[in-house]
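I have a structure I would like to understand better, so I am pasting it below and will then ask my questions one at a time.
The values are calculated or read from the model by the stated rules, or taken from the named source; none is laboratory data. Since the model is a prediction, treat every value here as computed from it, not as a measurement. In this analysis, Cβ positions are derived from the backbone assuming ideal geometry, glycine residues included, and neighbour counts consider all displayed protein chains. In case anyone asks, the SASA skips ligands and DNA or RNA and just uses the protein heavy atoms, side chains included. Shrake-Rupley method; radii C 1.70, N 1.55, O 1.52, S 1.80 Å.
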Amino acid sequence: MENWANRKTLILGRNEMIGLLKPGEYNDCVEQAYRIHGEGRYYMDPKGHIVLDRFPGEWEAMPSYIEEPHAAACKWVSIREQNREKFNLPTVFSILIYTEPVTGFPLAIVDGSYHTVMRTGAASAVSAKWMARKNSKVLAIVGAGHMAEGTLATCNEVFQWQEVRIWSRSQKTLDHFVAGQQPKYKTFKISASTNLEGTVRGADVVVTVTPARGPIVMADWISPGTHIAAVGADKKGDQELEGRLLQGARIFVDDIRQCRTDGEINVPLSQGLISENDIAGEIGEVITGRKPGRTSDQQITIFDSTGIALQDSATVPLEYQRAMAAGVGIEKKMIST
């Protein structure tokens, strides 16, 4: 029997998390999270929010347990909207705690920022794998922040893109994105634009990763057969897609309990533009074969991804294994016996 009393907790910073997994491995872990969700072999409450008027932003608490890999994790996220301008700090801080389920022992405490960028990108990639047309060639990413980097890296594992488009309101943000990302990709050119309509028109896959509080992608801009991964909305009142776009589309969510209040569907539901009967199901049902995803090449499919805690507990065990094998981070005795 293992002597748990002598175990130490691994502590990893952001730089030590980078590169532990390849983009395709993040896709595999997130797909496994959705599969287990579809099979009901997990425990997870919807994302918890703490919002105080005195601090622009919020805290989020995301605990979960997954049967395979056998793991439990909790992510604590702090979002402070004025951090960059007032304190020269990131807008989002994220800490992930990984525990062994039988003993509850804290195996690792790690920075969750890069992890979240990659597993969030993987949500879009997995949805495209299961819902986009098989001959998809043009990818459009709406938003050019860190989440867009993870989106491009993971979506590049799913299709051989001939064209990748990126949009931001800020030309400076676009220039930074292209300068940092284009050298990583040799098979396509990244086209950057501040014209959102031009960016999404004719794209096979559109991924939205903005904090928009009102529709920015219009229904008339989206061609039949397009797949949209709506990732930005993750709290009440968030919205990136015109409500009319959801009417008649085939819509899947990551977790209906969370999406009905926090996801892209929350505003159209509250406005009566759609009802829960218009939601085709959860992505886990597609991956487990219980429901078909796309049913025709002309159909517009939409994946509403709020980001579920199960993505974290499905991914952090492999990150932990890789870190231990590489000898990175520091180990600290957290309990006394």
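With viscosity set to 0.890 mPa s at 25 °C, what whole-number translational diffusion coefficient in µm²/s follows for segment 1-151 from Stokes-Einstein and a Kirkwood radius over Cα pairs?
141 µm²/s
Could you give the length gained by full extension between residue 297 and residue 49, i.e. 0.36 nm per residue of separation minus their alpha carbon distance, to one decimal place?
85.4 nm
When only alpha-carbon atoms count, how far does segment 139-262 stretch along each of its three principal axes, as whole angstroms with the largest first?
Extents along the principal axes: 40, 27, 25 Å.
Spin-label point model (7 Å from Cα, Cβ direction): what's the residue 68 to residue 188 distance in nm?
3.3 nm
Separate question: So for 95, 265, what's the accessible-area order with a 1.4 Å probe, most first?
95, 265
Given a 1.4 angstrom probe, I'd like the percentage of the accessible area of the chain that is carbon and sulfur, rounded to a whole number.
So the carbon and sulfur contribution to the accessible surface is 52 percent.
If each residue of separation counts as 0.36 nm, what is the full-extension length gain between residue 213 and residue 171 once their alpha-carbon separation is subtracted?
Working it through step by step, the gained length comes to 13.0 nm.
Tally Lys and Arg at +1 and Asp and Glu at -1 over the other residues with C-beta under 9 Å from the C-beta of residue 163: what net charge comes out?
Once positives and negatives cancel, what remains is +3.
Testing the spin-label approximation: label points 7 Å from Cα along Cα→Cβ at residue 197 and residue 41. State their distance in nm.
Modelled inter-label distance: 5.0 nm.
Let me ask another. Hey, which aspartates and glutamates would be in cross-link range of residue 137, C-alpha to C-alpha under 12 Å, not counting anything within fewer than 8 residues on its own chain?
Reachable aspartates and glutamates: 163, 204.
What number comes out for the charge environment of residue 126, summing +1 per Lys or Arg and -1 per Asp or Glu over other residues with Cβ under 13 Å away?
Within the 13 Å Cβ shell, the charges total -3.
Taking Cα atoms of the chain, Rg/Rh with Kirkwood Rh, to two decimals?
Rounded to two decimals, Rg over Rh is 0.96.
Hey, which lysines would be in cross-link range of residue 86, C-alpha to C-alpha under 26 Å, not counting anything within fewer than 8 residues on its own chain?
75, 172, 235, 236
Using DSSP to call loops (not H, G, I, E or B), can you name the GluC sites (Glu not before Pro) in segment 1-59 whose Cβ has at most 12 other Cβ atoms within 10 angstrom?
Here the sparse-neighbourhood loop sites are 2.
Between residue 336 and residue 290, what FRET efficiency comes out of the Förster formula 1/(1 + (r/R0)^6) with R0 = 45 Å and r the beta carbon distance, rounded to 0.05?
It comes out at approximately 0.40.
Something else: Rounded to whole Å, give me the distance from the Cα center of segment 79-117 to that of segment 143-157.
19 Å
If one computes the Cα centroid of segment 1-72 and of segment 235-293, what distance in Å separates the two points?
Centre-to-centre distance over Cα atoms comes out at 23 Å.
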